[in-house]
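Coordinate-derived values only; no laboratory data. Keep in mind that this is a model prediction, so the values were computed, not measured. Positions of Cβ are backbone-derived with ideal geometry, glycine not excepted, and every protein chain shown enters the neighbour counts.
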Amino acid sequence: MERKYELKDQIKGKGSCIGLDILPQDKNLAALSDFLRRPLIEKMSVPAYTPIPTTQLSPIPPPSSPPLPPPPPPPPSPLYALTKPTQPINPNLFLSNKKFAKHHLTLRQTNCKRTADPTVSWTSSIARHCRNGHLAEAAAEFARMRDSGVEPNHITFITLLSACADFPARSLWFGKSVHAYVRKLGLDTIDVKVGTAIVDLYSKCGCVGLARLSFDEICVKNKMSWNTMIDGYMRNGLIDDAINLFDEMPERDAVSYTALVGGFVKAGRFEQAMEWFQEMQLSGVEPDYVTIISVLSACANLGALGLGLWVHRFILNQEINHNVRINNSLIDLYSRCGCIEFARQVFDNMKIRSLVSWNSIIVGFAINGHAEEALEFFNSMKKEGFEPNGVSFTGALAACSHAGLVDEGLKLFHAMKRFHRISPRIEHYGCIVDLYSRAGRLEDGLDVVESMPVRPNEVVLGSLLAACRAHGNVRLAERLMNHLIELDPSSDSNYVLISNIYAAIGSWNGMNNVRKKMKDFGIQKKPGISSIEIDCCVHEFAAGDKSHVDTELIYAMLEHLGLELRTSGYVPESNVGDSCECD
C-alpha cells in the first residue's frame, strides 16, 4: 500500500484530487482541463421505464359445474408477435422503450447491422488524430468525448498514452493527466496493457523512477511489460538495472535479448552487444530481424568482417533474407569494412529497394573513393523515380570531394537548395569545406565556414586545419585554432595537429607555446588506438602498448617492416605527437 500511495502522490501533485495542477496551460487542452474537474461518473438523465396502464377485463367467474376450462396459453414471444400481425398485442410493450422499438419493429431490421458503440467511434476518431501526430486535437477530442457522456475504455487510454510516448518532449504533462484518470479507475494495475503503456510513456520521457513504480504496481505482468521496462532502462543508460531485471524475468524471448543488444549498440558498447547476441544463441532463442539489424550495426562499427560474414550466412538460411532493412544494413557493413563489391552484390540482388538502399550504396562507394560509381548510382536513383534527400546529397558531395570535382560538387549543392528545396545542414557545409580543402582553395573554405548559417563544429574546422598542414598555411591554421579552442578547449587532437604544423616548418617556438597551453589546461594526449580482426576476434592496440600476448612477434614484424621501408628510401614525416604528451 505504501508503494501505491507514493505513485498516486507523484502523479496527482500536492493539493489536487485528480492531478489538475500538472495539466499544461495550452488553449487546445482547456476543454479537457475543465472537464476533468467534474466527477468521474456523470449523472445522465435516462428516462425511467413507466408502463402505460391498460384496461383489463374482469376475469369470468368459473362455472359452477366441472370440467374447469384449460389454463390460458403463455404470452407470445416478440418474434411470434411480429410474425402474427393479427394477434392482439399490447402497444405499450414497444412504445414504452424507444431503443427496444427501434430494433424490433420489423423482422428485417433485426438482421441489420447493430448501431456502432459510441466509445468505439470516439476512440477511432482519437486514434486518427494520434496517427497523424496531432496530439492536441486528440486531447480535445477526448474532452468532447467525456463531455458527451461517453466513458472511455482501456483502448482509448492505450491510444492516448502511446501517442504521448511518441512525443515525449511536449506531452509528458498530458500523459500524467491521463495516468491520473486511469489511476482513479484502477486500470493501471488490473489491465496489463494499460499499465505497460504507462511504463513505456515514462521510460521514453526519461522518468525511469515513475516507470519502475508503475511497473511494480501491475498486478499480473506479461512478457511485454518486462521487455518494456528493460528497454526503458537501456534507453536511459541504466545498463546494470536492465541486466538485473533481465535476470529476474521468468521467461525471456527474442524481444528481451534484442532490448539488451540494441541498447548496447546505441551506447557504443559493441563488444558487449556481440556477447549478449552469443548468449542469445546459446539459450536457443531465435533472433528476429530487429536483432539482426543491431548485430550488423555492431559488426560495422567494430570492423568485424568475419562476424558479419557469419551473420550474413545465418540470414541466408532464414525467411528474413529478403528483408529490405536487413539488406540495407548489410550494404552498410560491407561498405564500412572496405568490401564494396560485396555491398554491390547485395544491392543488385535486392528485389525491392528503398531510398535508404540507394543512399547506402551511394555513401558506400563515396567513402571508399569510388566517386564515379557513386555519382552513377545517384543519377540512376533519380531515373528510378526516387527523390533524393539530404543523405543522398551528402554521399554525392562526398564523392565529388574525393574525386576533386569542385565544379560538379558546387552544382549539386546549389541544385539541392534551389530545385529540391532541401535546407543544407552541417554535414553538407562540411562536404563543401572539404571539397575546397582537398583542392587547395583554403580561403574559399574559410569563407564557407564564416558565412554558413549554422555554427561550425570541430569536424568542419578540423578538416580545414588538416588541409592547412598539408599546404603549410600556418597563418590560417592559427586563426582556425582560436575557433577550435572556443568550441572544445579540452580536445587534444587539435593541439597536436597545430604542433605538427609548427614542427613541419621548423617553428619550435610555436610548438613550445602549444605545449605550454596544453599544460596550463591540463590536457594530455590520448594514445591512438587501432584494431584488427583475426578469426572473428577483434584485437586493439594503443601506441606504446605492450600488453598483448603476442607483443614480441608484433614488434619483431614491425622492426622488419621498418627496415624494409628504410631500405626502399622512405623518410618518415616529422611528427611531434609524442613530444606533446604532458605528464
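Take residue 444, project a point 7 Å from its Cα along the Cβ direction, then tell me which residues of the range 345-377 have their backbone nitrogen under 18 Å from it. Flagged as within label range: none.
Can you tell me the order of 240-250, 364-374 when each peptide is scored by its average per-residue count of other Cβ atoms within 10 angstrom, highest first? Let's see the in-between values first.
Working: 240-250: 14.1, 364-374: 20.1.
Highest mean packing first, the order is 364-374, 240-250.
Among the listed pairs 204/383; 266/351; 266/517, those with a Cα-Cα distance over 31 Å are 204/383; 266/517.
GluC sites (Glu not before Pro), restricted to the range 252-322: which are DSSP loop and have at most 12 other Cβ atoms within 10 Å? Walk me through the numbers before you get to the answer.
Numbers: sites: 271, 275, 279, 319; in loops: 319.
Answer by residue number: 319.
Using a simple spin-label model with pseudo-atoms 7 Å out from Cα toward Cβ, residue 547 and residue 290 lie 3.6 nm apart. Spin-label model, residue 116/residue 389: points 7 Å from Cα along the beta carbon direction are separated by 3.3 nm. Sequence-ordered 3J(HN,Hα) estimates for the range 503-517 from the Karplus curve with 6.51, -1.76 and 1.60 and θ = phi - 60° stand at 5, 5, 9, x, 8, 6, 5, x, 5, 5, 5, 5, 4, 5, 5 Hz, glycine and proline given as x. Select from 328, 317, 274 the residue farthest towards the positive end of the dipole of the range 265-367; place +1 on Cβ of Lys and Arg, -1 on Cβ of Asp and Glu, and compute about the Cα centre. Final value for the positive-end residue is 328. Once a ≥ b ≥ c are taken as the square roots of the eigenvalues of the Cα gyration tensor of the range 136-189, is the result rounded (a/c under 1.5), prolate (a/b larger than b/c) or oblate (a/b not larger than b/c)? Here the range 136-189 falls in the oblate category.
Each of the peptides 549-559, 395-405, 378-388 was scored by the mean count of other Cβ atoms within 10 Å over its residues; in descending order, highest first, they stand as 395-405, 378-388, 549-559.
Report the gain in length on full extension from residue 414 to residue 475: 0.36 nm times residue separation, minus Cα-Cα distance, nm rounded to one decimal. Intermediate results must be reported in sequence, preceding the final value.
Working: separation 61, 0.36 × 61 = 21.96 nm, distance 3.03 nm.
Between residue 414 and residue 475, full extension yields 18.9 nm more.
Three principal axis extents of the range 377-460 based on alpha-carbon atoms, in descending order, are 38, 25, 20 Å.
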